[in-house]
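Peer 1: I have a structure I would like to understand better, so I am pasting it below and will then ask my questions one at a time.
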Amino acid sequence: MEMATYRTVVALLFCVVVLFQGCESDVKCRNDSGAEVDWYILYKLPNVKDGGLSYLYMDESTGGWRRSTEKINSRSGALANTLKPLLDFYNRKTEGFGYMLYNDQLPKQSRNQRRHTNAPSSFGHSKGVVMLDRQTGVWLSHSTPRFPTYRSKVFWPQSGNANAQTFMCVTYSHDDFREIGSQCKQKLLAYSYDSDIPKTFPNELRCVAQRSCYPKKKPWFREKMLTSLNGQQFHSFAKYKRFGDDLYSGLIVNSLNQDLYVKSWGKMRGPQIYNCGITHHVYNVKTVRPLNMQPFSDTVDHSKWCVTPDGNWTCIADMNREKSQMYRGGGAICTNDVTVGEAFYALIKKHEPCEHEFTVQHREL
């Protein structure tokens, strides 16, 4: 082969490699090793003699829970690896990248800000991270107040150490974020506290990021089946404040058509008791025991999740079973992965029982 021809072939191969690298997306859920995963679930443990930074991890390859060797605030853990495109964007605005951070309990946005603030109650009781580029994106739904911190490499708020929290990350294609934006816009009414969405990205997402849209007509709830990048289906539930009922006993249980065990915050002003007078019961989980560890109560567990008794369905949610939250927006993302369901059901150490006299009393009310 002549030298000129050889150089031409090498140059073409180099261009092809560069082209394909340019098509690769960094915006994907990533595990503790930094490898791409279709989805994962984290269960951060409460502060019990270890600083409150340990967590359980699960994805489609683990076959259930495993205890991570990383800490939740580690720069090499699953959260940091997933958030890397966002943290990099703070230093250098990457073209073709967009994000939206929403939380009803806001992080401080300046060093001079003395107090944390909360979003107006007209917005949803919801927390999450949306990141995407031109190929893929992630929707990271979670329960942690003030996470992530405002435009800081130190993404984990120290206030998050005390209580247990849940996280669900799912990787989707870019086109799916039109539907995700609609879900956040029409029912969740998520309070976006930081965002940068390019004008060429879905308008539904930009609308939510700018807090310029809200639901205007019935129905005051919305269900949508979303499909991850690798083809796994996730059932998204969302309700607007005018729905006027509990997320779990008023919406999710009617769709799944099974009993539910619900784990929500244990320090509520007006908690809702178990629902035993409906076709399918809704039980409040009071104590959790993960992986033969010491059990902990819902008073140190700020996570929000529910599971059916047979483990067919598991939902990672935004909302507590509190009376005031009947009139707040929020939602849940559910999977019918039996391995996930069995892992969550096995966590339940104690729940409120359904006693006959309470069942009769509830029906009479």
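Peer 1: In a GNM of the chain with a 10 Å cut-off on Cα contacts, which of Leu247, Leu53, Leu347 has the highest mean-square fluctuation?
Peer 2: Leu347
Peer 1: Oh, and also: To the nearest 20 debye, what is the magnitude of the charge dipole of region 26-364 about its Cα centre, counting +1 on the Cβ of each Lys and Arg and -1 on the Cβ of each Asp and Glu?
Peer 2: Roughly 1540 debye, rounded to the nearest 20.
Peer 1: Continuing with this model, one more query. Which residue, Val170, Val338, Val37, has the most motion in a Gaussian network model of the chain that connects Cα atoms within less than 10 Å?
Peer 2: Evaluated over the chain, the most mobile residue of the options is Val338.
Peer 1: In addition: Using a ≥ b ≥ c from the Cα gyration tensor of region 167-232 (square roots of the eigenvalues), is it rounded, prolate or oblate, where a/c under 1.5 gives rounded and otherwise the larger of a/b and b/c decides, a/b for prolate?
Peer 2: Because a/c hits 1.5 or more and a/b fails to exceed b/c, region 167-232 counts as oblate.
Peer 1: Okay, next question. Sequence gap at least 6, Cα distance under 8 Å: using those rules, report the relative contact order of region 41-161 to the nearest whole percent.
Peer 2: Computed over region 41-161, the figure is 20 percent.
Peer 1: Apply the membrane-span-like helix rule to the chain: whole DSSP H runs, Cα extent along the own long axis of at least 20 Å, mean Kyte-Doolittle hydropathy at least 0.0. List the helices found.
Peer 2: 3-23, 78-91
Peer 1: Near Met326, within a Cβ-to-Cβ distance under 12 Å, what is the net charge of the other residues, with Lys and Arg +1 and Asp and Glu -1?
Peer 2: Every neighbour counted, the sum reads +3.
Peer 1: Of (i) 129; (ii) 161; (iii) 175, which one was derived for volume of the Cα convex hull per residue in Å³ from the structure shown?
Peer 2: Label of the calculated value: (ii).
Peer 1: I've got another one for you. In deg cm²/dmol and to the nearest 500, what is the mean residue ellipticity at 222 nm of the chain if only DSSP H runs of at least 4 residues count, each as -39500 (n - 2.57), divided by the residue total?
Peer 2: Helix-only estimate at 222 nm: -5500 deg cm²/dmol.
Peer 1: Taking Cα pairs under 8 Å and at least six residues apart, what relative contact order does the chain come out at, in percent?
Peer 2: Once normalised by length, the contact order is 15 percent.
Peer 1: Just want the ordering: Cys315, Cys207, from fewest to most Cβ atoms lying within 10 Å of their own Cβ.
Peer 2: With the sparsest Cβ surroundings first, the list reads Cys207, Cys315.
Bear in mind these aren't lab numbers, they're just calculated from the coordinates by the rules spelled out. Predicted model, so just to flag it, every value in this text is computed and none were measured. Positions of Cβ are backbone-derived with ideal geometry, glycine not excepted, and every protein chain shown enters the neighbour counts.
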